[in-house]
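The values are calculated or read from the model by the stated rules, or taken from the named source; none is laboratory data. Owing to the predicted nature of the structure, the values given are computational and were not obtained by experimental measurement. Here the Cβ positions follow ideal geometry from the backbone for every residue, glycine too, while neighbour counts run over all protein chains shown. Quick note on the areas: whole protein, heavy atoms, side chains included, nothing else; ligands and nucleic acids left out. Shrake-Rupley method; radii C 1.70, N 1.55, O 1.52, S 1.80 Å.
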Amino acid sequence: MSLSKAYTASEHEDVIYKQWEESGAFNPDSADPKAKPFSIAMPPPNATGTLHIGHTMMLVLQDLMIRYHRMIGDKTLWLPGTDHASIATQNKVEKLLAKEGLTRHQLGREQFIARVEAYVAESRTRIRTQIRKVGASCDWSRERYTLDKGLSRAVNEVFIKMYHDGLIYRDYRMVNWCPRCHSTLSDDEVKYKPETTQFYYFKFGPVIIGTARPETKFQDKTIVVHPNDPRYKDFIGKEFTTEWIEGPISAHVIADPIVDPEFGTGAMTITPAHSFEDFDLAKKYHRPIIKIINENGELTDQAGSFAGKNARESRTAIIEKLQAKGVVDHIDEDYRHNLSVCYRCDTPVEPLPSLQWFVNVNAPTHRGKKSLKELMRTAVESGRISFIPPRFEKTYFHWIDNLRDWCISRQIWFGHQMPVYYCKKDKGGCGETLVASEKPDICPKCKKETLVQDEDTFDTWFSSGLWTFSTLGWPDTAEEKAGKIKKTGDLAAFHPTSVMETGYDILFFWVARMILMSEYVLGEEPFRTVYLHGLVLDIEGKKMSKTKEETLIDPLDVIPKYGADALRASMLIGVTPGNDLRLNEVKIASYRNFVNKLWNIGRYIMEFSEKDSVTDTKQGLSTADAWIISRLNAVVDEVTTHIEQYRFSQAAETLRSYTWDELADWYVECAKVEGGKQPILFSILRAILALWHPFIPFVTEALYQRYRELAIPTLGDKTKQPQQLIVHPWPRVQKKYTNKKAEEDFSLIRDIIQAIRNARVENGISAGQKIQAVLYSPTRADLIRSHEPHLKRLAYLDFVTIIEKGDRPSNAVFLKFSDVEIYLPLGLMRVEEEKTKIAKQLDEIRTQIELLRVRLADAEFLAKAPKNIVKKEQERLADFQDKIAHLQEQQEKFTA
């Protein structure tokens, strides 16, 4: 069966993926048990609907690595899964309920969770379909979900261990609070949006204070100044009465070096319940912590007549009241700052005090008495974990240095519920707090059935922080004795994982927390390499968003139109780690043409080989044969090195250059001249399909299956060909075929042909018009003579004269490189135009030579310029002088 002229992705992709999956190719259990392991834990997409284009980038990069390592013989595991994504998923379902006129509180916790689970089940099915569509060769038999029983058990085990190790505590502290989600947020879940607003200055007793949030200031009674600020030296330690929002208040002045004398007036009041810094100051100086804004974003009773009103909406009325009292000094109308908003719903965040669970990142652990922060730092500083690109190490360390205790409790219903139980006094209990993996029947202290579980759930990053090892069977696959871990099963085989590939935007959300958890629980890194890709942007460089549907690219929309391989190639070629990618459908469409070109190269080779006779390669290889095979050796080596060093785009560019520029443009044309190239063409085709496979797996698999049907012998290869390309061995460098002389010889022939082709274009010779050529070379005439048929066909010549000595023709276009001279008798060519062109080139080069001579004669330049710059200028001068000599020699031929 012959191949169609155009590759239609929809005819192949689903069929091929099903064949791969059913064959067991994705499962590492069939690999050599002694093989080197290579593993990736797929960053689990949120179970909130469908994958976006950023997920596709992740899948494509990881699949490339997985396919490559599978082909080189590694025991390769790519473990897929989904994240319950507590806040995001709960918000999604709440919005769906709102369309029905319902709230979660109307349903109740149990019924609401049931609705969420139904939504997640449907969403996970859709996500699996999308992952398959991209061609991801992950092991579906090991698929995990962050809320499945095994992972839920792991979450409880880690919490209990950290609690008993003194690393988890409950306290009334400042948190980031989202009034919309009605939950705490970690520092990394707070986004910042630039905002221009007003900045207010108030007369506060003897000083002027400034603030952007007057709605938080109702009970501010402490002024802080810098101890060395001479403006306020006489006020420190004094008290005074001043008019304020709800009437006169008594205020006290203290000094602390935290104050920046250059900011505002250098004097500020502290708002302990609504600023992290002020909270710490209040603790330090034993000031009361009074909550002004509650969890709904409303003002509390402490706001007097404003109680119960929305805090942010009350700002204008508060200012008007203070203006009426004459307290407002002035207002800055152009204050620019970053507004803190929730990363999920964009609601402005309220810093406020709350009773929550925290992870202490500064306390010593059982791992050499190092704190969690120190464990995280050491894992990277020691070189056990490397970042690609390396610049993100600095970002990572900066984050660690500024890391505060991690608030891990969330006031939402969907997620892992805290394994904490309270013996409620209001139910007759003793007030005991218990931490246990399962609810005890009775309180062990008072023996009463009065235990109630904490209603809070874990921050989703707590559970996903365990992802690399909880998915591999922990805690059942590990046992710790005397501080040493004995691993079994998949945990022993695949952990630490090899690579964590993800977007740089979740470096702190997730990557850092996985390092924290793995170092603490297992005493080892979760992965050895962190590969960070950039964001996928629209063509204008803006982040794609569901709110801007005209720029949003849905993988399930573009794959039916252009094919998965086209989408994959557009996200791999020309893309470097850590840098953002601009993408639109025009680019994807161009790579559909790219994929189709590979299809046509493969199709042509197979059709040509079916018609071509088989040559006995024992008789020796032609120069073109030896060249293309030797170049293949070099390409295999280069592509392998690039992939091993995570230079995926460079690997593809190297491969594209060989496939298009050398194989298709030159060797296939030479094969038409020489004939009998079946074994060589098939050997090369087999190799390039294998090399391209990690990048564009569907089209290469389709071509390979047709290749196997033809069963044409390949060059010196007696290995059994596997049924599927996905498990085909990666091509290896065969030193016996490396032939630098053949590469040099054929490069000369190619340069001669290309020079004649260029001269034809420059002199207006039509493509269909044959011309004559005289080639002169005292040293390479035999080589050129042996390729006379190639010259005639590929340079479109009707007569070629090859000489080693004697007179050369005049009135001919003259070309020279190395020790070969090419003469194209003018005949129909435009002699005067050629002479004018040479004269113009000579004038331009002489001008450049004069400028360089002046510069190189300048003593100041020679004294100050770096040596490499001086050397480069000297080399440019020598190059120009060589060009002058060549052009003058060519000019003489026209005047002879």
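Just to be sure, is A273 within 22 Å of A212 (Cβ to Cβ), of a type in the set (A, V, I, L, M, F, W, C) and more than 44 Å from the chain's Cα centre (by Cα)?
no
Tell me, yes or no, whether region 368-391 has at least one residue that is under 23 Å from S186 (Cα atoms), hydrophobic (A, V, I, L, M, F, W, C) and in contact with a Gly (Cβ under 7 Å, 6 or more places away or on another chain).
no
Could you check how many residues of region 382-398 are touching a residue at least 12 places away in the same chain (Cβ under 8 Å) and surrounded by fewer than 17 Cβ atoms within 10 Å (Cβ to Cβ)? Explain how you work it out, then say what you get.
Keep residues of region 382-398 that are touching a residue at least 12 places away in the same chain (Cβ under 8 Å), which gives 384-389, 391-393, 395-397.
Now restrict to residues that are surrounded by fewer than 17 Cβ atoms within 10 Å (Cβ to Cβ): 384, 386, 389, 391, 393, 395, 397.
So the count comes out to 7.
If I filter region 764-779 down to residues being more than 14 Å from F817 (Cα to Cα) and part of a strand (DSSP E or B), which single residue comes out as most open to solvent (accessible area, probe 1.4 Å)? It would help to see each step written out before you state the result.
So in region 764-779, the residues more than 14 Å from F817 (Cα to Cα) come out as 764-774.
Remaining after also requiring part of a strand (DSSP E or B): 771-774.
Values: I771: 18, Q772: 98, A773: 2, V774: 24 Å².
Applying the filter and picking the extreme gives Q772.
Looking at (1) within 40 Å of the chain's Cα centre (by Cα); (2) part of a helix (DSSP H, G or I); (3) of a type outside the set (S, T, Y); (4) closer than 28 Å to K95 by Cα, which is the one condition that is false for N296?
Among (1) within 40 Å of the chain's Cα centre (by Cα); (2) part of a helix (DSSP H, G or I); (3) of a type outside the set (S, T, Y); (4) closer than 28 Å to K95 by Cα, N296 violates only (2).
For region 653-699, what are the residues that are within 36 Å of the chain's Cα centre (by Cα) and open to solvent by 10 Å² or more (accessible area, probe 1.4 Å)?
Passing the criteria: E653, T654, R656, S657, W660, D661, E662, A664, D665, S683, R686, A687.
Out of the residues in region 1-59 that are among the polar types (S, T, N, Q) and closer than 21 Å to S141 by Cβ, state the one that is surrounded by the most Cβ atoms within 10 Å (Cβ to Cβ). Explain how you work it out, then say what you get.
At the first step, the residues of region 1-59 found to be among the polar types (S, T, N, Q) are 2, 4, 8, 10, 19, 23, 27, 30, 39, 46, 48, 50, 56.
Then keep just the ones that are closer than 21 Å to S141 by Cβ; that gives 19, 23, 27, 30, 39.
Working: Q19: 15, S23: 15, N27: 16, S30: 11, S39: 25.
Among them, the one singled out is S39.
What about I290, is it in a loop (DSSP other than H, G, I, E, B), out of contact with any strand residue (DSSP E or B) (no Cβ under 6 Å at 6 or more places or on another chain) and of a type in the set (A, V, I, L, M, F, W, C)?
On the way: in a loop (DSSP other than H, G, I, E, B): yes; out of contact with any strand residue (DSSP E or B) (no Cβ under 6 Å at 6 or more places or on another chain): yes; of a type in the set (A, V, I, L, M, F, W, C): yes.
Against the criterion (in a loop (DSSP other than H, G, I, E, B), out of contact with any strand residue (DSSP E or B) (no Cβ under 6 Å at 6 or more places or on another chain) and of a type in the set (A, V, I, L, M, F, W, C)), I290 qualifies.
Need a quick list: helices (runs of 4 or more DSSP H) entirely within region 84-141 having at least 1 residues that are open to solvent by less than 20 Å² (accessible area, probe 1.4 Å) and of a type in the set (D, E).
Working: elements: 86-99, 104-107, 109-134.
In region 84-141, no matching helices (runs of 4 or more DSSP H) lie anywhere.
Do you know which of the residues in region 734-763 that are assigned to a loop (DSSP other than H, G, I, E, B) and not hydroxyl-bearing (S, T, Y) is surrounded by the fewest Cβ atoms within 10 Å (Cβ to Cβ)?
The initial filter retains those residues of region 734-763 that are assigned to a loop (DSSP other than H, G, I, E, B), namely 734, 738-739, 763.
From what is left, the residues that are not hydroxyl-bearing (S, T, Y) are 734, 739, 763.
Numbers: Q734: 15, N739: 19, N763: 17.
Filtering region 734-763 for residues that are assigned to a loop (DSSP other than H, G, I, E, B) and not hydroxyl-bearing (S, T, Y), the one surrounded by the fewest Cβ atoms within 10 Å (Cβ to Cβ) comes out as Q734.
For region 452-483, which residues satisfy the criterion of being touching a strand residue (DSSP E or B) at 6+ places or on another chain (Cβ under 7 Å), farther than 20 Å from V435 by Cα and surrounded by 24 or more Cβ atoms within 10 Å (Cβ to Cβ)?
Answer for region 452-483, where residues must be touching a strand residue (DSSP E or B) at 6+ places or on another chain (Cβ under 7 Å), farther than 20 Å from V435 by Cα and surrounded by 24 or more Cβ atoms within 10 Å (Cβ to Cβ): S464, W467, T468, T471.
Can you pull out every residue in region 700-733 that is modelled with pLDDT of 90 or more, farther than 18 Å from W20 by Cβ and surrounded by fewer than 17 Cβ atoms within 10 Å (Cβ to Cβ)?
Filtering region 700-733 for residues modelled with pLDDT of 90 or more gives 700-707, 723-733.
Adding the requirement that they be farther than 18 Å from W20 by Cβ leaves 731-733.
Within region 700-733, R732, V733 meet the criteria.
Would you mind stating whether D74 is open to solvent by 10 Å² or more (accessible area, probe 1.4 Å), of a type in the set (D, E) and in contact with a strand residue (DSSP E or B) (Cβ under 8 Å, 6 or more places away or on another chain)? Lay out the reasoning, then the answer.
Numbers: open to solvent by 10 Å² or more (accessible area, probe 1.4 Å): yes; of a type in the set (D, E): yes; in contact with a strand residue (DSSP E or B) (Cβ under 8 Å, 6 or more places away or on another chain): yes.
Taking the combined requirement at face value, the residue satisfies it.
Just checking, how many residues over region 798-813 are over 12 Å from A781 (Cβ atoms), in a strand (DSSP E or B) and of a type outside the set (A, V, I, L, M)? Talk me through it step by step, then tell me what you get.
As a first pass, look at region 798-813 and keep what is over 12 Å from A781 (Cβ atoms): 798-799, 807-813.
Retained after the next criterion (residues that are in a strand (DSSP E or B)): 798-799, 812-813.
Checking which are of a type outside the set (A, V, I, L, M) leaves us with 798-799.
Here the count works out to 2.
Among L352, L281, which is part of a helix (DSSP H, G or I), under 30 Å from I236 (Cβ atoms) and either within 43 Å of the chain's Cα centre (by Cα) or of a type in the set (A, V, I, L, M) (or both)?
Details: L352 fails: part of a helix (DSSP H, G or I).
Only one candidate qualifies: L281.
Listed here are the residues, each with its yes/no results for (1) over 27 Å from A9 (Cβ atoms); (2) at pLDDT 95 or above; (3) aliphatic (A, V, I, L, M).
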residue	(1), (2), (3)
S630	yes, yes, no
V635	no, yes, yes
E638	yes, yes, no
Y646	yes, yes, no
R656	no, yes, no
E669	yes, no, no
I688	no, yes, yes
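Would you check if D329 is at pLDDT 90 or above, more than 30 Å from Q90 (Cβ to Cβ), open to solvent by 40 Å² or more (accessible area, probe 1.4 Å) and charged (D, E, K, R)?
On the way: at pLDDT 90 or above: yes; more than 30 Å from Q90 (Cβ to Cβ): yes; open to solvent by 40 Å² or more (accessible area, probe 1.4 Å): yes; charged (D, E, K, R): yes.
Here the answer is yes, as D329 does meet what is asked.
Could you figure out which of (1) more than 34 Å from the chain's Cα centre (by Cα); (2) within 30 Å of I223 (Cα to Cα) isn't true of L107?
Going through the list (1) more than 34 Å from the chain's Cα centre (by Cα); (2) within 30 Å of I223 (Cα to Cα), L107 breaks only (2).
Quick check on this structure: which one of S518, S498 is of a type in the set (S, T, N, Q), assigned to a strand (DSSP E or B) and under 18 Å from S386 (Cβ atoms)? Talk me through it step by step, then tell me what you get.
Numbers: S518 fails: assigned to a strand (DSSP E or B).
Residue meeting the stated conditions: S498.
Quick one: in region 178-193, of everything that is in a strand (DSSP E or B) and open to solvent by less than 10 Å² (accessible area, probe 1.4 Å), which residue is farthest from Y145 (Cα to Cα)? Walk me through how you get there before you give the answer.
As a first pass, look at region 178-193 and keep what is in a strand (DSSP E or B): 178, 183-185, 190-193.
Next, from what is left, pick out any that are open to solvent by less than 10 Å² (accessible area, probe 1.4 Å): 178, 183-185.
On the way: C178: 26, S183: 23, T184: 24, L185: 22 Å.
Among them, the one singled out is C178.
Return yes when Y520 is more than 18 Å from I40 (Cα to Cα) and of a type in the set (F, W, Y) and no when it is not. Give the steps one after another, and end with the answer.
Values: more than 18 Å from I40 (Cα to Cα): yes; of a type in the set (F, W, Y): yes.
When the stated conditions are applied, Y520 passes them.
From the set of residues in region 550-604 that are hydroxyl-bearing (S, T, Y), surrounded by fewer than 20 Cβ atoms within 10 Å (Cβ to Cβ) and out of contact with any Asp or Glu (no Cβ under 7 Å at 6 or more places or on another chain), which is farthest from F695 (Cα to Cα)? Full working, then the answer.
Initially, region 550-604 is screened for residues hydroxyl-bearing (S, T, Y), giving 551, 562, 570, 576, 590-591, 604.
Next, only the ones that are surrounded by fewer than 20 Cβ atoms within 10 Å (Cβ to Cβ) stay: 551, 576, 590, 604.
From what's left, out of contact with any Asp or Glu (no Cβ under 7 Å at 6 or more places or on another chain): 576, 590, 604.
Working: T576: 15, S590: 16, Y604: 21 Å.
Checked region 550-604; the qualifying residue farthest from F695 (Cα to Cα) is Y604.
Give the residues of region 484-505 that are in contact with a strand residue (DSSP E or B) (Cβ under 7 Å, 6 or more places away or on another chain), open to solvent by 10 Å² or more (accessible area, probe 1.4 Å) and of a type in the set (A, V, I, L, M, F, W, C), sorted by residue number.
Selection gives I485, A493.
Taking S39, is it part of a strand (DSSP E or B) and among the small types (G, A, S)? Walk me through it before giving the result.
Working: part of a strand (DSSP E or B): yes; among the small types (G, A, S): yes.
For S39, the condition - part of a strand (DSSP E or B) and among the small types (G, A, S) - is met.
Restricting the first residue to region 155-177 and requiring it to be under 13 Å from V521 (Cα atoms), which pairs with a second residue that is small (G, A, S) meet a Cβ separation below 8 Å and a spacing of at least six or different chains?
V155/S463; V155/S470; N156/S437; E157/S437; I160/A436; I160/S437; L167/A363
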